[in-house]
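Heads up: the structure comes next, in structure tokens.
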Amino acid sequence: MRFSGCAAWSSYNPVRKEVASDVTNTVRWLPNLRKPLASGPRELDTPSWGGKPFSYQEIVQPVLEKHCVSCHNAKTRETLNLSGQQDEHGIPASYRTLVSQGWVHYCDCGWNSGGCEKLEPLTFGTVKSKVWDVLNAGHYEVKLTTDEVRRFKTWIDMNCPLWPDYVDRTLRKHLGTRVSSLE
Ligand code: HEC
């Protein structure tokens, strides 16, 4: 069988200015294809916060404390409070602000809330979060490090989990030691 003369089997290489058969092309590409396989699986990088269940209060809140809370607290901006003060349900003010006010994109995937439909790529998560439009536009000289951005964005792209476990809200230990947002 002749490969190179048949249009269906050939392709034009604009760099080498020649028509080569797909077989020749495949052979030319093989070394490149083999490389990643030969190097074996890559070790996964552990994030700075460690490979453990994601806790908003441990991983994201410190970023807000460092960069946002001086201007965004109950006294300065009650409507855009980014502090970690917890309400009677143990929910930090910052979490309510970001999620309830729609500054971060959150999909309500609850069984009964009709949010279980398939979502197209790039229609949810960080890319659809208004808080990044605000920060990326330049916001009062706020500058987050790469690690801080990763913490914030990972949280959003995980669909904004609050607690790192499945303990029912009413059974959570910290309810006894909460700080009321009204204080
Ligand atoms: C130096 C003070 C200051 C710091 C620090 C600061 N902000 Fe702000 N932020 C403001 C002020 C003042 C406003 C209201 C006026 C405006 O929108 O610029 C605001 C508004 C906002 C808004 C609403 C924007 C809008 O279009 O209505 C968001 C969201 C926000 N800040 C998020 C943050 C986050 C997240 C951080 C930390 C990463 C942060 N800010 C740090 C002062 C600050």
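The values are calculated or read from the model by the stated rules, or taken from the named source; none is laboratory data. Small disclaimer: the values here were computed from a predicted structure and weren't measured. Virtual Cβ from ideal backbone geometry, glycine too; neighbours counted across all protein chains shown.
Among the residues of the range 62-81, are any within 21 Å of residue 168 (Cα to Cα), at pLDDT 95 or above and surrounded by 15 or more Cβ atoms within 10 Å (Cβ to Cβ)?
The answer is no; no qualifying residue exists.
Filter the range 157-174 for residues that are in contact with a Lys or Arg (Cβ under 9 Å, 6 or more places away or on another chain) and of a type in the set (A, V, I, L, M) and give the result.
167
Confirm whether residue 84 is free of Cβ contacts under 8 Å to residues at least 60 places away in the same chain and in a loop (DSSP other than H, G, I, E, B).
yes
Return the residues of the range 100-142 that are more than 9 Å from the ligand (Cβ to nearest atom), under 19 Å from residue 66 (Cβ atoms), free of Cβ contacts under 8 Å to residues at least 12 places away in the same chain and not in a helix (DSSP H, G or I); say none if nothing qualifies.
138
Looking at (1) more than 12 Å from the ligand (Cβ to nearest atom); (2) closer than 20 Å to residue 129 by Cβ, which is the one condition that is false for residue 87?
(2)
How many of the residues in the range 143-166 are in a loop (DSSP other than H, G, I, E, B), of a type in the set (A, V, I, L, M, F, W, C) and touching a helix residue (DSSP H, G or I) at 6+ places or on another chain (Cβ under 8 Å)?
The qualifying residues number 4.
Which is surrounded by 19 or more Cβ atoms within 10 Å (Cβ to Cβ), within 19 Å of residue 132 (Cβ to Cβ) and of a type in the set (Phe, Trp, Tyr), of 56, 106?
Exactly one residue qualifies, and that residue is 56.
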